[in-house]
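Encoded as structure tokens, the structure appears first; notes follow it.
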Amino acid sequence: MPLIRIAMWSGPRNISTAMMRSWGNRADCLVIDEPFYAYYLSRTGLDHPGRDAILDNQPNDWPAVAAALTSGPVPTEISVTYQKHMTHHLLPEIDRSALDGLRHAFLIRDPAQMLLSYAKVRGERIFALDEHLARLQRSARALAFVEVPSVAELTDQVRRTLAANDMRDDVHIRLTLTRGVKITSGMDRGSTRAARR
């Protein structure tokens, strides 16, 4: 069977990480997490969390990245590559025809659900925080997370973090629950070490 190379394009907050992890559970699938991210960071100069680690660990030459994605070697047991892409990483100078060897798809989420997952601070108010935290707890339990913090604990931690960083207005919050500490910049659960107590 010929190798299938899927390029899944998404914007922020469109459950792209959940989709990537689902594909990553397949033994015959190689997952590639935001391969143009290092190029995007080096070209724009933006100061994103983990910037230095991403620039140190990912290639930032877009033609080399595109060539690896479309025709690079993969292990023999792999029949599908699943590439999680963020649309804003595809800067204008990246030649779209360099990606012709991929099967492109777009991940689009219901805007009402996307907005609930994107908490924003306005003054002392945090948009839909209770709904967001309740959904986060339900999802964590559905994924068999252990010791999920209560809504009260999460709310307290969010407010303490905002106060400690003097964040009062026009701030976006992204909460993530994990099973442990990541040892790479990728999202592969095999690269996560369980927290030690």
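No lab work stands behind these numbers, since they all come straight from the coordinates. Because the structure is a prediction, the values reported are computed rather than measured. Positions of Cβ are backbone-derived with ideal geometry, glycine not excepted, and every protein chain shown enters the neighbour counts.
Below are the figures for this structure:
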{"item": "Segment A18-T155, length gained on full extension (0.36 nm per residue, minus Cα span)", "result": "47.0 nm"}
{"item": "Spatial separation of Cα centroids for region 128-176 and region 1-22, in angstrom", "result": "25 Å"}
{"item": "For peptides 140-146, 36-42, 150-156, sequence by mean Cβ density within 10 Å, most packed first", "result": "36-42, 150-156, 140-146"}
{"item": "15 Å reach of a label modelled at T44, 7 Å along Cα-to-Cβ, counting backbone N of region 65-103", "result": "85-94"}
{"item": "Calculated FRET value between I78 and F145, using beta carbons and R₀ = 35 Å, to 0.05", "result": "0.75"}
